[in-house]
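Structure first, commentary second.
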Amino acid sequence: MKTGTEAKRGYGVFGTRRGDRAKIFFRKARSLLYVDRCVCVGCGAELPQSVRGGLCSECLSRSIALGSDICAKCGRIVANEADYCDTCINRDRHFEKARSCFVYDGVPKKLIYGLKFGGKRYLASFLAESMTDRYLDENYDCDCVIAVPLSEKRKKKRGYNQSELLAEEISGQLKLPLLTGALEKIRDNKAQAKLRVNEREENVRGAYEVKDKAAVKGKRILVVDDVITTGATASEVAHMLYKAKARSVKVLTYASTRYTAPSENIFDEEDVYEDEMV
Ligand SMILES: [Zn+2]
Ligand SMILES: [Zn+2]
């Protein structure tokens, strides 16, 4: 409770002057929103000119771009020359196909961490540029964009949903409508990081619900997320959208993990973070 005298002097509950707090707020907001397009988003090096995706040639050379050596279904890199990874051969995959820009490692991984956990919302526009290019390279032909949702509780805690930020940017860049609120996450599942693919499928089952079936019906939908790992989340989301009579569901993410045999741990210890979206 502020006393009348404190309020008159302009001090807040933490003893900071209102003016100072406003300055700090705007400085912070500016640092999160201000986008210098002539600086590499990966390493901070100066760029001769702004480039799509925001990465300098050095950072790009240290990022593995996903092209032809990928699973035709889920888009993850496959070590051998097989057309499909074992997960896509052996399990139901409800999405038509999924594609990513980079392997989830090095610079791309750092950028996703920055967007997701570092509050660097401005990164969304750069990541979305690479994703839009991937969309066009793949000849995706969607009618609308949907972000993989977070639960209300999780979104409140983080303040935003990184997939929504990416979906907004992509929707703007491709001039496709963004369906907000059509799909919701209705329960929090436990962290996916340590689970194997079958456990992940079980873990996300029933976690998503289509709230606006009319918006989805007959549509070719682009589902946007930041990372795809096993594809269990993407598959469950696609399943729900097809149940609501979507015409097709394609998935687009910035990065994807390498395919890992189901018997192996998907993440190293350092990669385990308290999150559910992967
Ligand atoms: Zn760089
Ligand atoms: Zn696959």
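The values are calculated or read from the model by the stated rules, or taken from the named source; none is laboratory data. Values in this document were obtained by computation on a predicted structure and should not be read as measured data. Neighbour counts run over all protein chains shown; Cβ positions are idealised from the backbone, glycine included.
This table checks each residue for (1) in the same structural domain as Ala124 (by TED's automatic domain parsing); (2) touching a Lys or Arg at 6+ places or on another chain (Cβ under 7 Å).
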{"residue": "Cys40", "(1), (2)": "no, no"}
{"residue": "Gly44", "(1), (2)": "no, no"}
{"residue": "Val51", "(1), (2)": "no, no"}
{"residue": "Gly75", "(1), (2)": "yes, yes"}
{"residue": "Ala79", "(1), (2)": "yes, no"}
{"residue": "Thr87", "(1), (2)": "yes, no"}
{"residue": "Arg93", "(1), (2)": "yes, yes"}
{"residue": "Glu96", "(1), (2)": "yes, yes"}
{"residue": "Tyr104", "(1), (2)": "yes, no"}
Problem - Boolean, Glu236 is modelled with pLDDT under 95 and out of contact with any Lys or Arg (no Cβ under 6 Å at 6 or more places or on another chain) - result: no
Problem - Subset tally (residues that are in contact with a Pro (Cβ under 8 Å, 6 or more places away or on another chain), modelled with pLDDT of 85 or more and among the charged types (D, E, K, R)) for segment 156-199 - result: 3
Practice task
Name, by its number, the condition in (1) more than 16 Å from ligand 1 (Cβ to nearest atom); (2) over 23 Å from the mean Cα position of the chain (by Cα); (3) not hydroxyl-bearing (Ser, Thr, Tyr) that does not hold for Glu46.
Solution key: (1)
Exercise for the section: Kindly indicate whether any position in segment 177-185 is within 27 Å of Ser125 (Cβ to Cβ), of a type outside the set (Phe, Trp, Tyr) and in contact with a Leu (Cβ under 8 Å, 6 or more places away or on another chain). Expected result: yes
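With the structure loaded, tell me whether Asn139 is more than 16 Å from ligand 1 (Cβ to nearest atom) and without any contact (Cβ under 8 Å) to a residue 12 or more places away in the chain or whether it fails that test. Lay out the reasoning, then the answer.
Numbers: more than 16 Å from ligand 1 (Cβ to nearest atom): yes; without any contact (Cβ under 8 Å) to a residue 12 or more places away in the chain: yes.
It is true that Asn139 is more than 16 Å from ligand 1 (Cβ to nearest atom) and without any contact (Cβ under 8 Å) to a residue 12 or more places away in the chain.
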Exercise for the section: Go through Glu184, Glu169 for me and flag whichever is within 15 Å of the chain's Cα centre (by Cα) and either assigned to a helix (DSSP H, G or I) or touching a residue at least 24 places away in the same chain (Cβ under 8 Å) (or both). Expected result: Glu169
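Please go through segment 63-97 and pick out each residue that is small (Gly, Ala, Ser), under 19 Å from Asp133 (Cα atoms) and more than 8 Å from ligand 2 (Cβ to nearest atom).
Narrowing segment 63-97 to residues small (Gly, Ala, Ser): 63, 65, 67-68, 72, 75, 79, 82.
With under 19 Å from Asp133 (Cα atoms) added as a condition, the list becomes 63, 65, 67-68, 72, 75.
Across segment 63-97, the qualifying residues are Ser63, Ala65, Gly67, Ser68.
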Problem - Residue within segment 112-130 that is part of a loop (DSSP other than H, G, I, E, B), of a type in the set (Phe, Trp, Tyr) and under 19 Å from the mean Cα position of the chain (by Cα) present - result: yes
Problem - For Lys153: the one exception among (1) modelled with pLDDT of 95 or more; (2) within 22 Å of Glu236 (Cα to Cα); (3) not in a loop (DSSP other than H, G, I, E, B) - result: (1)
